[in-house]
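*Asks:* The following block contains the structure, expressed as structure tokens.
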Amino acid sequence: MEKTDRVGHLYNHVRKQIEDLLINKAPIEAFKALVVGEQVTREMLEDCRFINRVYAAMVGKIAERREQLKQQLEKTQAEWDTGTAELRQGSPATEAVRHEPGTRTCRCDEERGKYEMKAVLAYIRIWAQNKAENRMGWLQALNRVVCQR
């Protein structure tokens, strides 16, 4: 390996720990004070709080919608289970009709959630790219806001 291959050298140095990083998830609070010693202003913290609220609102909205969908599907299942015997002992086609709308709805909601998360992450990425000055300060401010509890 050439001395100029910094990525390859770094990979060889950490490759034994990569699996641990992927398997052992740490809570966000474990990353508190990851970046320190930078100049952070009140305006930076307020801007980072806004970005954090936007992200949290989108994640909350998606989770709430999924929970409502789950409850609706459970209600429909309970109604089906308490239905008449002839409906419950229907043909395989009847079973397929019963499961198809729920499956399709879940799939559509999952795709919608992915699209919405991509959009909010693109917004955050653009926001971060515009922070050209004191990038480490912005990182410290965002780290402080995100890790607060």
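*Asks:* Restricting attention to segment 66-82, report how many residues are touching a residue at least 24 places away in the same chain (Cβ under 8 Å) and surrounded by fewer than 11 Cβ atoms within 10 Å (Cβ to Cβ).
*Replies:* Selection size over segment 66-82: 0.
*Asks:* Across segment 38-54, what is the total count of residues that are acidic (Asp, Glu), over 15 Å from Arg125 (Cα atoms) and in a helix (DSSP H, G or I)?
*Replies:* Filtering segment 38-54 down to residues acidic (Asp, Glu) leaves 38, 43, 46-47.
In the following step, the residues that additionally are over 15 Å from Arg125 (Cα atoms) were identified as 38, 43, 46.
This time we only want the ones that are in a helix (DSSP H, G or I), so: 43, 46.
Selection size over segment 38-54: 2.
*Asks:* So Tyr123 clears everything in (1) modelled with pLDDT of 90 or more; (2) in contact with a helix residue (DSSP H, G or I) (Cβ under 9 Å, 6 or more places away or on another chain); (3) open to solvent by less than 90 Å² (accessible area, probe 1.4 Å); (4) farther than 19 Å from Val36 by Cβ except one condition, right? Which one?
*Replies:* Exception for Tyr123: condition (3).
*Asks:* Among the numbered conditions (1) at pLDDT below 80; (2) within 26 Å of the chain's Cα centre (by Cα), tell me where Thr94 comes up short.
*Replies:* Only one criterion in (1) at pLDDT below 80; (2) within 26 Å of the chain's Cα centre (by Cα) is unmet by Thr94, namely (2).
*Asks:* Can you report the number of residues in segment 1-37 which are over 13 Å from Arg144 (Cα atoms) and outside any helix (DSSP H, G or I)?
*Replies:* Final tally of qualifying residues: 9.
The values are calculated or read from the model by the stated rules, or taken from the named source; none is laboratory data. Just so you know, these numbers come straight off a predicted model, no measurement behind them. Note that we place each Cβ from the backbone using ideal geometry, even for glycine, and neighbour counts take in every protein chain shown. To get the accessible areas, we keep the full protein, side chains included, count just its heavy atoms, and leave off ligands, DNA and RNA. Shrake-Rupley method; radii C 1.70, N 1.55, O 1.52, S 1.80 Å.
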